[in-house]
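In what follows, a structure is listed as structure tokens, so that the remarks can point back to it.
The values are calculated or read from the model by the stated rules, or taken from the named source; none is laboratory data. Computed from a prediction, not measured in an experiment: that's the story for all the values here. No Cβ is skipped: glycine too gets one built from the backbone with ideal geometry, and neighbour counts run over all protein chains shown. In case anyone asks, the SASA skips ligands and DNA or RNA and just uses the protein heavy atoms, side chains included. Shrake-Rupley method; radii C 1.70, N 1.55, O 1.52, S 1.80 Å.
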Amino acid sequence: KNASYMLMIAALLASSESRLLNFSRISDVETVASVIESLGGGIRRAGERALFIAPQTLTKSELPAEVGAQGRFSTLFIPVLLARFGHALVPQPGGDKIGARPLERHFDGLLKLGARIEQRGDMIEANSEKLRGTTYRFEKNTHTGTETLILAATMAEGTTILENAAEEPEVDDLINFINEMGGRIRRRPGRIIEIQGVASLHGAIHQIMPDRNEAVSYGCAALVTKGDIVIENANAGHLEAFIDKVREIGGGYEVGQYGTRFFYKGPLTAT
């Protein structure tokens, strides 16, 4: 679920239609689809899990104010709208209240890339004639901040180096999708991401990664009910920390080409 709406926004950087497969049917996806349509973009669904996104018809660079209360995604539109129009006006993001989630690390990086950012009440305005590559180190690694600066640097002039960047698989899914569209991004050892700016991107077909949070939730449900569940397509490589704990408490699991199985095989041990 954390990858679906982010990749929808990333698709707006391209000059032609993209097709996203395996997207989540959740409110954030529906809201982002509505926002894209309000900006003039095209959204078309095919079956249960395919989403076509046409960015060619985008005409607006301002998000409706009411969008801010509906999720954490509004700032992700800033780099995309800057690349398309040199201007963005978005509401302060809302979403879940998980401690303090400051936006300074997003904005500091955008400022260093050459954006001008101004607070206007509950709205954030950004302007830029052309973003330019830079080296930016996150004081604390941030999932959405890393994604925001990847989006900004993808079509910036020159090379950008992001240090102390987030390592979540969702970030890698974004990198893979942008590279499929013609981007030039690679990870380097030590939480470093290198982005060589490109002049244009084209649409691509991409299968969104399976969600880690959903897989863990179902795995826990199987263990607590003394049950047995196969989670199709769940990527065990994304679940290593959880699987280590399942093993430690005496839970059962099995990894196969079909996905990952979790099952109760005896009394569980506290950890």
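What to note about this one:
- Of note, residue 179 satisfies the criterion of being within 17 Å of residue 9 (Cα to Cα), open to solvent by 20 Å² or more (accessible area, probe 1.4 Å) and touching a strand residue (DSSP E or B) at 6+ places or on another chain (Cβ under 8 Å).
- With respect to the conditions (1) within 23 Å of residue 1 (Cα to Cα); (2) touching a residue at least 12 places away in the same chain (Cβ under 8 Å); (3) assigned to a strand (DSSP E or B), residue 45 falls short on a single one, namely (2).
- Within segment 153-167, being touching a residue at least 60 places away in the same chain (Cβ under 8 Å) and open to solvent by 10 Å² or more (accessible area, probe 1.4 Å) holds for one residue alone: 155.
- Number of positions in segment 109-120 that are open to solvent by 60 Å² or more (accessible area, probe 1.4 Å) and at positive phi: 0
- Strands (runs of 3 or more DSSP E) contained in segment 124-222 and holding at least 2 residues basic (Lys, Arg): 184-188
- Every residue from segment 197-213 that is open to solvent by less than 80 Å² (accessible area, probe 1.4 Å) and within 16 Å of the chain's Cα centre (by Cα): 206, 208, 209, 210, 211, 212, 213
- Pairing each residue of segment 6-24 that is without any contact (Cβ under 8 Å) to a residue 12 or more places away in the chain with any residue that is surrounded by fewer than 24 Cβ atoms within 10 Å (Cβ to Cβ) and of a type in the set (S, T, N, Q), provided the two are 6+ apart or on different chains, yields no C-beta distance under 7 Å.
- Residues (modelled with pLDDT under 95 and either of a type in the set (Ser, Thr, Tyr) or assigned to a strand (DSSP E or B) (or both)) located in segment 69-87: 74, 75
- Filter result for residue 45 (of a type in the set (Lys, Arg), over 18 Å from the mean Cα position of the chain (by Cα) and modelled with pLDDT under 95): yes
- Residue in segment 133-152 that is least open to solvent (accessible area, probe 1.4 Å), counting only those that are without any contact (Cβ under 8 Å) to a residue 60 or more places away in the chain and more than 14 Å from the chain's Cα centre (by Cα): 138
- The criterion of at least 2 residues that are open to solvent by 80 Å² or more (accessible area, probe 1.4 Å) and not charged (D, E, K, R) is met by none of the strands (runs of 3 or more DSSP E) wholly inside segment 227-269.
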